[in-house]
Amino acid sequence: MAFPTNRPRRLRTTATMRRLVAENSLSVNDLVYPLFTCPGTNVKEPIPSMDGCFHISPDIIAEEAKQINALGIPAVLIFGLPEGKDATGSQSADPNGPVQQSIKAIKNACPDLLVITDVCLCAYTDHGHCGVVTDGKIENDVTCDLLAEMALSHARAGADIVAPSDMMDGRIGVMRKKLDAEGLVDVAIMSYSAKYASAFYGPFRDAAHSAPGQGDRKSYQMDPPNSDEAMVEMELDLVEGADMLMVKPGLPYLDIIYRARQKFNVPIAAYNVSGEYMCLNAAADAGLIDREAAMMESLISLKRAGAGIIITYYAKDAAKLIGK
């Protein structure tokens, strides 16, 4: 209909009206908060590259988990730092490693809080790559076996969901077979299926001490121009046994999230990564944008695109605003 009969502004007149007709809404149930655990006792050290984030030792990480749980956030995603590194990331499957200890501590303190664990070798290898390197080449199949052992150690410690982020071919199938053979059939797999070789990971790599010593990750992480390839990666992971699919990063890849939501009838996660987080914070610190408004706009864009699970360093701040 033509003006003046059709006046879309009628449905924007007040905050209550806008809330009534909103097509999408952000819930605390959508949020996952990342945590970084490290060796030691009574450690809670700020991460310089990531505002408000800390390296936390397993003996006190339960206190952080209790605060997250109290906000109604349903899950945490744990990343770990080892005591030492070697060529194969052998400490990744250590049953007494910081991640494994933290899983037990969190589940003991907050049994209903879901614990997701990142499964990747990059923080555990002395070369910083996500797999075993031979003559400059990432050994795909050998790496898959090591990742499956890492996932198994997390599951035995009590993880509810394991989340492989390495982007090796076939690792979901190897991991699912390993977990099922051990009777851990209820442990879910959230696959970083469409993980791009992005420029937005810098602050995280500083936090996880996981930057590659030489070269880059472009031979295994996805090329940013590609979108059809992401659909192929996701479909392969589902066939191999993934329960949930992830797109990483989030904001530069809203189109990938949308396509995944339209194509696959499983939960779709988006990772609002460290570079997205710190770019927004830097702009806010410079007085160029409203931090809270920009935060909520960014998160709702991920939801609008189709993400039902949003992994974000803003989870606690967003939960507090949603709860008001």
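Here is how the numbers come out for the structure above:
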| item | result |
| --- | --- |
| More than 16 Å apart - percent of Cα-Cα pairs taken over region 144-208 | 47 percent |
| Region 98-180, accessible area per residue, ligands and nucleic acids excluded (1.4 Å, Å²) | 34 Å² |
| Kyte-Doolittle at least -0.5, axis length at least 18 Å by Cα - qualifying DSSP helices, the chain | 140-157, 228-240, 291-305 |
| List THR37, THR5, ordered by accessible area with a 1.4 Å probe, largest first | THR5, THR37 |
| Antiparallel DSSP beta bridges within the chain, percent to nearest 5 | 15 percent |
| Accessible area of region 204-286 divided out per residue, in Å², using a probe of 1.4 angstrom | 45 Å² |
| Cα-based reach from LYS218 at 27 Å (exclusive), listing lysines while leaving out same-chain residues under 8 positions away | LYS85, LYS137, LYS195, LYS248, LYS263 |
| 222 nm mean residue ellipticity, helices alone, for the chain (DSSP H n ≥ 4; -39,500 (n - 2.57); rounded to 500) | -11500 deg cm²/dmol |
| Two-decimal log10 I(q)/I(0) for region 55-99, as the Debye equation yields it once each C-alpha is a single scatterer, q = 0.19, 0.23, 0.32 Å⁻¹ | -0.68, -0.85, -1.20 |
| Cα-based Kirkwood hydrodynamic radius, region 208-324, one decimal, Å | 15.7 Å |
| Residue of VAL187, VAL133, VAL119 that the Gaussian network model of the chain assigns the largest fluctuation, springs spanning Cα pairs under 10 Å | VAL133 |
| Per residue convex hull volume, Cα atoms of region 1-115, in Å³ | 194 Å³ |
| Counting all C-alpha pairs of region 283-324, share separated by more than 15 Å (%) | 46 percent |
| Isotropic mean projected area of the C-alpha convex hull, the chain (nm²) | 18.4 nm² |
| Extension gain (nm, one decimal) between CYS279 and ASP135, 0.36 nm per residue minus Cα-Cα | 48.2 nm |
| Cα-Cα pairs of region 6-56 separated by more than 14 Å (percent) | 69 percent |
| Rounded percent of accessible protein surface that carbon and sulfur make up, the chain, 1.4 Å probe | 51 percent |
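The values are calculated or read from the model by the stated rules, or taken from the named source; none is laboratory data. All values derive from a computational prediction rather than experimental measurement. We work out accessible area using only protein heavy atoms, side chains counted, and drop any ligands, DNA or RNA first. Shrake-Rupley method; radii C 1.70, N 1.55, O 1.52, S 1.80 Å.
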